[in-house]
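A.B. asks: Can you read through this structure? Questions will come right after.
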Amino acid sequence: MGRMEKKVVLITGGGSGLGYAAAIQVAREGAKLSLVDLDAEGLENSKQQIESEIPNADIITIEADVSDEEATKNYVNKTMEHFGRIDGFFNNAGVEGKQNLTEDYGSDEFRKVVGINLDGVFYGMKYVLEVMKKQGSGSIVNTASVGGIRGVGNQSGYAASKHGVVGLTRNSAVEYGEYNISIKAIAPGAIMTSMVEGSLKQMAGDDWEKAGEEFVKDNPMKRFGKPEEVGNLVSFLLSDEATFINGAVIPIDGGQSYKY
Ligand SMILES: NC(=O)c1ccc[n+]([C@@H]2O[C@H](COP(=O)([O-])OP(=O)(O)OC[C@H]3O[C@@H](n4cnc5c(N)ncnc54)[C@H](O)[C@@H]3O)[C@@H](O)[C@H]2O)c1
């Protein structure tokens with residue numbers, strides 16, 4: 001019997017990258033899935049890829065914008081109508097935003113990035129915690145970033161939102177531990193997904209692959225992280241093996257954030 005057998009796991013940003021990697025890993029371990037994303041095509045691809053490896057996987061997909069509170073309420077309700085419970089929540093959807101110095105960053109861009117990365121995580125926790133508190137159990141993993149524990153530069157909206165995700169995680173962890181709910185955050189470094197590809201393209205245009213090779217020279221492990229490495233971590237954190245890890249922010253970055 002798999003570690004996630006009988007568990008219902010809700011994942012935002014499930015149509016790509018880290019959300020997909022976590023989804024397929026928890027499904028391999030027996031979880032039922034509710035996948036949420038803005039991108040309907042991405043959701044369908046994720047569903048098909050998971051079903052091609054795990055034919056009996058139980059998956060629903062919900063198209064929703066996590067920065068919209070009503071849409072959030074709706075994806076939580078739909079998950080409850082279908083599965084009747086939520087054991088694990090990977091609160092993960094996010095965007096990087098345009099890179100720029102603070103003075104040039106743009107107030108609209110700032111509000112957009114914070115709206116998705118921070119408001120979205122808050123709304124998700126707000127409605128899922130209500131369900132988990134009634135259930136008397138649950139585990140939440142919020143996606144922060146190395147940019148949520150260190151300054152990176154050119155990323156005002158991203159840095160503010162991801163530092164905010166760390167704050168929300170610690171605050172809610174203190175509030176909900178007594179209800180048998182654990183809440184943690186992960187702080188990934190550069191993991192090769194479409195987000196990092198887009199980021200390198202912003203920095204270097206057509207030379208983005210070369211820029212990537214330069215970029216990873218700074219990493220102690222001299223490489224990008226792989227989405228499946230994050231998927232494995234998330235699966236562990238959502239499982240019953242990690243119930244006493246609460247309020248922790250766990251870097252997964254090859255050691256980069258510890259480097260002087
Ligand atoms: N890849 C990395 O190196 C890295 C590092 C640190 C943190 N992160 C974080 O990991 C999370 C996932 O990123 P990824 O690398 O998998 O990127 P990705 O672009 O591959 O996946 C992000 C997914 O979120 C969805 N999404 C974006 N805005 C949304 C919205 N408003 N509502 C619903 N869904 C929305 C996208 O459609 C996409 O499917 C993000 O929060 C990101 O900030 C990624």
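The values are calculated or read from the model by the stated rules, or taken from the named source; none is laboratory data. Note that the structure is predicted; figures quoted are calculated from it, not measured. Don't worry about glycine lacking a Cβ; one is built from the backbone with ideal geometry, like all the others, and counts go over all protein chains shown.
A.B. asks: Restricting to helices (runs of 4 or more DSSP H) lying wholly in segment 19-116: which have 2 or more residues that are under 29 Å from Met1 (Cα atoms)?
C.D. replies: On the way: elements: 40-53, 69-83, 107-114.
Those helices (runs of 4 or more DSSP H) span 40-53, 69-83.
A.B. asks: Are any of the residues in segment 47-62 under 20 Å from Val131 (Cα atoms), within 12 Å of the ligand (Cβ to nearest atom) and modelled with pLDDT of 95 or more?
C.D. replies: Taking segment 47-62 first, the residues under 20 Å from Val131 (Cα atoms) are 59-62.
Add one more test, that the residue is within 12 Å of the ligand (Cβ to nearest atom), and what stays is 61-62.
Those still in the list that are modelled with pLDDT of 95 or more too: 61-62.
Yes, some residue in segment 47-62 is under 20 Å from Val131 (Cα atoms), within 12 Å of the ligand (Cβ to nearest atom) and modelled with pLDDT of 95 or more.
A.B. asks: Right, here's the next one. When you check Leu101 against the structure, is it of a type in the set (A, V, I, L, M) and closer than 21 Å to Leu237 by Cβ, yes or no?
C.D. replies: Details: of a type in the set (A, V, I, L, M): yes; closer than 21 Å to Leu237 by Cβ: no.
For Leu101, the condition - of a type in the set (A, V, I, L, M) and closer than 21 Å to Leu237 by Cβ - is not met.
A.B. asks: In segment 93-135, what residues are under 19 Å from the mean Cα position of the chain (by Cα) and of a type in the set (Lys, Arg)? Step through it out loud before you land on a result.
C.D. replies: Here is the first cut: in segment 93-135, the residues under 19 Å from the mean Cα position of the chain (by Cα) are 93-97, 112-129, 132.
Within segment 93-135, Lys112, Lys126 qualify.
A.B. asks: When Val66 is evaluated against the numbered criteria (1) in contact with a Ser or Thr (Cβ under 9 Å, 6 or more places away or on another chain); (2) over 24 Å from Ile191 (Cα atoms); (3) β-branched (Val, Ile, Thr), which criterion, by number, is the only one it fails?
C.D. replies: Going through (1) in contact with a Ser or Thr (Cβ under 9 Å, 6 or more places away or on another chain); (2) over 24 Å from Ile191 (Cα atoms); (3) β-branched (Val, Ile, Thr) one by one, Val66 breaks only (2).
A.B. asks: State all residues of segment 154-196 that are over 30 Å from Met132 (Cβ atoms) and surrounded by 15 or more Cβ atoms within 10 Å (Cβ to Cβ); if no residue qualifies, say none.
C.D. replies: Step one: list which residues in segment 154-196 are over 30 Å from Met132 (Cβ atoms), which gives 154-156, 190, 192, 194, 196.
Passing the criteria: Asn154, Gln155, Ser156, Ala190, Met192, Val196.
A.B. asks: Would you be able to say whether some residue in segment 97-105 is among the basic types (Lys, Arg) and more than 13 Å from Val131 (Cα to Cα)? I'd like the intermediate steps shown before the answer.
C.D. replies: So the first thing to find is which residues in segment 97-105 are among the basic types (Lys, Arg), and the list is 98.
Cutting the leftovers down to more than 13 Å from Val131 (Cα to Cα) gives us 98.
Yes, segment 97-105 has at least one match.
A.B. asks: Shifting gears a bit: Restricting to helices (runs of 4 or more DSSP H) lying wholly in segment 170-239: which have 1 or more residues that are in contact with a strand residue (DSSP E or B) (Cβ under 7 Å, 6 or more places away or on another chain)? Spell out how you get there, then give the answer.
C.D. replies: Working: elements: 194-204, 208-216, 227-238.
Of the helices (runs of 4 or more DSSP H) lying wholly inside segment 170-239, those with at least 1 residues that are in contact with a strand residue (DSSP E or B) (Cβ under 7 Å, 6 or more places away or on another chain) span 227-238.
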